[in-house]
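**Student:** I have a structure here, written as structure tokens, and I will follow up with some questions on it.
The values are calculated or read from the model by the stated rules, or taken from the named source; none is laboratory data. Not measured: the values here are computed from a predicted model. Don't worry about glycine lacking a Cβ; one is built from the backbone with ideal geometry, like all the others, and counts go over all protein chains shown. What goes into the accessible areas is simple: the full protein's heavy atoms, side chains included, and nothing from ligands, DNA or RNA. Shrake-Rupley method; radii C 1.70, N 1.55, O 1.52, S 1.80 Å.
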Amino acid sequence: MLALLLPAKKQCLLLALALLPTQWCSLSVAQAPFSDPENSGEWKLVPSVSDEFNDATLDSSKWFVQGVDDKYENRFKGRAPSQFVPANVGVSDGDLVITSKWQPEFGFADEHFGGFKYENVTTGAIISKTSFLYGYLETRCKAADGPISSSFWTIGGRGELDVFEHYGLNPDSTDAGNRLQSSFHDWRTPGTPTYGKRIWTNEHQLPFRVASDFHVYGLEWSPQNIKIFVDGILVRCASKNEIGEHWVVDQAQKVWLDSETFPWEVDPGKLKQTDFPNGGQKFIVDYVRIWQSDKPDVACSDSPTLLSNPIFESKLADWHVSGKVTLKEDAANSWAGSNHVALDGGGEGAIEQTVPVKPNTTYIVSAYAKSPATNYKDVYHDAWLGVKNYDGDFQSARFFRSYWHRKSLQFKTGPKAKTATIFFTNQWSGEPVLVDSIDLIEAAVGR
Ligand SMILES: [Ca+2]
Ligand SMILES: [Ca+2]
């Protein structure tokens, strides 16, 4: 532990003196977190769960590859129909590469997982051999550009922390490839309704496809707060107090990087050879770095909203209304305060507000909504939060769940932007959506 508390250069020296492999010293050149370039947080890299992937082969002292010698951590062979195969994991040109292939001839495990047989698609996973508790997690990566996940997550004890579960391409859902989904999964008590499921999620729409290029994704996990960063920009801070009993991640965690088929995104029966062209879809990871700090965490701060009447306490004042829009004075069924808004289905119900913005500046807009008629079987009522007229591309985030839930999206204004129009529309849905607490903030850079 002593070595971890010393500056990086001394760490390297100590490690060298201990006659550990010399590649560990390459860690000393690792930078401060992308979100904290001056390292004001006094972050110290944890070498045992960090890797630049710059060596000729994957460091087997550090990483376990799922399926080697037919051994699978947590007995997890992959999310069927896909199966983890060691040959699909490698390092190349300074990157970890996890390839997902169409490989029906592979000798798949003769068993089922989640109602699906293992068949057709091979993927890969690596898992750290050691654990860590709290810290700042960061990776620079490019998601696989096909119907397969590219995930950076940790698991241990009662909980799982998904920094992201990218899904590069869903032909039926254009927003899937731009989504940053960060979650807690509940592994507390087998047999309970939430066991193994997402118990807290932050859904954020990015202004780019995660499979188009490399980006830096960070997550600060302290005993009090979760902070989610993209390319150094803070997109969400949520406190333990806010998350409440769903805060299940408070024990030491192992790091996972993997790819899986997601049956809830693309039906496994629709997967095909042409989804995995040119030798397969590649999840490419430049590095994974995990730091820890002895400095106290910085609490989440409330940025002032740039919208007027954001929780509809002044009824529909300052909102431009079109179609069938009704103010509901109903505190018991509002998300925040006394009122919320119902946008009727079939009537192109929409609300919007145009506000001054600065040019070349990143903003985050969020809202809470619910679509009561969604039944999760055959009815999903989509409604959309969006932004337009800001000297940039029209952007939106889709809401469809039957309970109050939050989503956000980020946008960067163009050089000529003076205003932006924030809107919520139900124009393509047959049933009402309820909306409350629309927020617009200028994004914070760094912690
Ligand atoms: Ca690298
Ligand atoms: Ca309200």
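**Student:** Does Asp55 satisfy the criteria of being within 16 Å of ligand 1 (Cβ to nearest atom), within 25 Å of Trp221 (Cβ to Cβ), in a loop (DSSP other than H, G, I, E, B) and over 24 Å from the mean Cα position of the chain (by Cα)?
**Tutor:** no
**Student:** Those residues that are under 11 Å from Val249 (Cβ atoms), open to solvent by less than 70 Å² (accessible area, probe 1.4 Å) and assigned to a loop (DSSP other than H, G, I, E, B), I need them from region 157-194; list them, please.
**Tutor:** The answer is Gly157, and nothing else.
**Student:** Moving on. Looking only at region 314-346, which residues are acidic (Asp, Glu) and open to solvent by less than 40 Å² (accessible area, probe 1.4 Å)?
**Tutor:** The answer is none; no residue qualifies.
**Student:** Looking at (1) at pLDDT below 95; (2) open to solvent by 40 Å² or more (accessible area, probe 1.4 Å), which is the only condition Asp36 fails?
**Tutor:** In the conditions (1) at pLDDT below 95; (2) open to solvent by 40 Å² or more (accessible area, probe 1.4 Å), Asp36 misses (2) alone.
**Student:** Is it the case that region 303-310 has a residue that's in a strand (DSSP E or B) and either over 28 Å from Glu431 (Cβ atoms) or within 16 Å of ligand 2 (Cβ to nearest atom) (or both)? If you could, list the steps in order and put the result at the bottom.
**Tutor:** Start the filter on region 303-310 by keeping residues that are in a strand (DSSP E or B), which leaves none.
No, because not a single residue in region 303-310 is in a strand (DSSP E or B) and either over 28 Å from Glu431 (Cβ atoms) or within 16 Å of ligand 2 (Cβ to nearest atom) (or both).
**Student:** Might you check whether a residue that is out of contact with any Pro (no Cβ under 6 Å at 6 or more places or on another chain), within 16 Å of ligand 2 (Cβ to nearest atom) and not aliphatic (A, V, I, L, M) occurs anywhere in region 378-398?
**Tutor:** No, region 378-398 contains no residue that is out of contact with any Pro (no Cβ under 6 Å at 6 or more places or on another chain), within 16 Å of ligand 2 (Cβ to nearest atom) and not aliphatic (A, V, I, L, M).
**Student:** Further, regarding this structure: Quick one: how many residues across region 287-297 are buried (at least 16 other Cβ atoms within 10 Å of the Cβ), more than 16 Å from ligand 1 (Cβ to nearest atom) and either of a type outside the set (D, E, K, R) or within 30 Å of Trp102 (Cα to Cα) (or both)?
**Tutor:** Final tally of qualifying residues: 3.
**Student:** I'm trying to understand the selection: among the residues of region 195-208, which are without any contact (Cβ under 8 Å) to a residue 60 or more places away in the chain, part of a loop (DSSP other than H, G, I, E, B) and under 28 Å from Gly386 (Cα atoms)?
**Tutor:** Phe208
**Student:** Has region 107-118 got any residue that is surrounded by fewer than 22 Cβ atoms within 10 Å (Cβ to Cβ), basic (Lys, Arg) and either touching a residue at least 60 places away in the same chain (Cβ under 8 Å) or over 16 Å from Phe276 (Cβ atoms) (or both)?
**Tutor:** Yes, region 107-118 contains at least one residue that is surrounded by fewer than 22 Cβ atoms within 10 Å (Cβ to Cβ), basic (Lys, Arg) and either touching a residue at least 60 places away in the same chain (Cβ under 8 Å) or over 16 Å from Phe276 (Cβ atoms) (or both).
**Student:** Please go through region 311-341 and give me each residue that is within 10 Å of ligand 2 (Cβ to nearest atom), free of Cβ contacts under 8 Å to residues at least 24 places away in the same chain and among the hydrophobic types (A, V, I, L, M, F, W, C), ordered by number.
**Tutor:** Leu327, Ala331
**Student:** Right, something else. So in region 424-433, with the set limited to residues that are surrounded by 23 or more Cβ atoms within 10 Å (Cβ to Cβ) and part of a strand (DSSP E or B), which one is nearest to ligand 1 (Cβ to nearest atom)?
**Tutor:** Here the residue is Phe424.
**Student:** I want to confirm something. Restricting to region 65-79 and keeping residues that are touching a strand residue (DSSP E or B) at 6+ places or on another chain (Cβ under 7 Å) and closer than 18 Å to Thr99 by Cβ, which single residue is nearest to ligand 1 (Cβ to nearest atom)?
**Tutor:** Among them, the one singled out is Val65.
**Student:** Ile284 fails exactly one of the following numbered conditions: (1) within 30 Å of Ser82 (Cα to Cα); (2) away from ligand 1 (no atom under 16 Å from the Cβ); (3) hydrophobic (A, V, I, L, M, F, W, C). What is the number of that condition?
**Tutor:** In the conditions (1) within 30 Å of Ser82 (Cα to Cα); (2) away from ligand 1 (no atom under 16 Å from the Cβ); (3) hydrophobic (A, V, I, L, M, F, W, C), Ile284 misses (2) alone.
**Student:** For Gly107, indicate whether it is over 15 Å from Gln66 (Cβ atoms) and either within 25 Å of the chain's Cα centre (by Cα) or within 16 Å of ligand 2 (Cβ to nearest atom) (or both).
**Tutor:** no
**Student:** Something else now. Kindly establish whether Gly279 is in contact (Cβ under 8 Å) with a residue 60 or more places away in the chain, open to solvent by 50 Å² or more (accessible area, probe 1.4 Å) and either assigned to a strand (DSSP E or B) or closer than 28 Å to Ala176 by Cα (or both).
**Tutor:** yes
**Student:** Let me ask another. Would it be correct to say that Val248 is away from ligand 2 (no atom under 16 Å from the Cβ), β-branched (Val, Ile, Thr), touching a helix residue (DSSP H, G or I) at 6+ places or on another chain (Cβ under 9 Å) and assigned by TED's automatic domain parsing to the domain that holds Ala144? It would help to see each step written out before you state the result.
**Tutor:** Values: away from ligand 2 (no atom under 16 Å from the Cβ): yes; β-branched (Val, Ile, Thr): yes; touching a helix residue (DSSP H, G or I) at 6+ places or on another chain (Cβ under 9 Å): no; assigned by TED's automatic domain parsing to the domain that holds Ala144: yes.
No.
**Student:** Hey, another quick one. Please count how many residues of region 56-72 are surrounded by fewer than 20 Cβ atoms within 10 Å (Cβ to Cβ) and touching a Gly at 6+ places or on another chain (Cβ under 9 Å).
**Tutor:** 3
**Student:** I need a count of the residues in region 73-92 that are buried (at least 18 other Cβ atoms within 10 Å of the Cβ) and in a loop (DSSP other than H, G, I, E, B).
**Tutor:** 7
**Student:** I would also like to ask the following. When only residues in region 248-276 that are open to solvent by 50 Å² or more (accessible area, probe 1.4 Å) and among the polar types (S, T, N, Q) count, which is nearest to Ile127 (Cα to Cα)?
**Tutor:** Among those that are open to solvent by 50 Å² or more (accessible area, probe 1.4 Å) and among the polar types (S, T, N, Q), it is Gln251.
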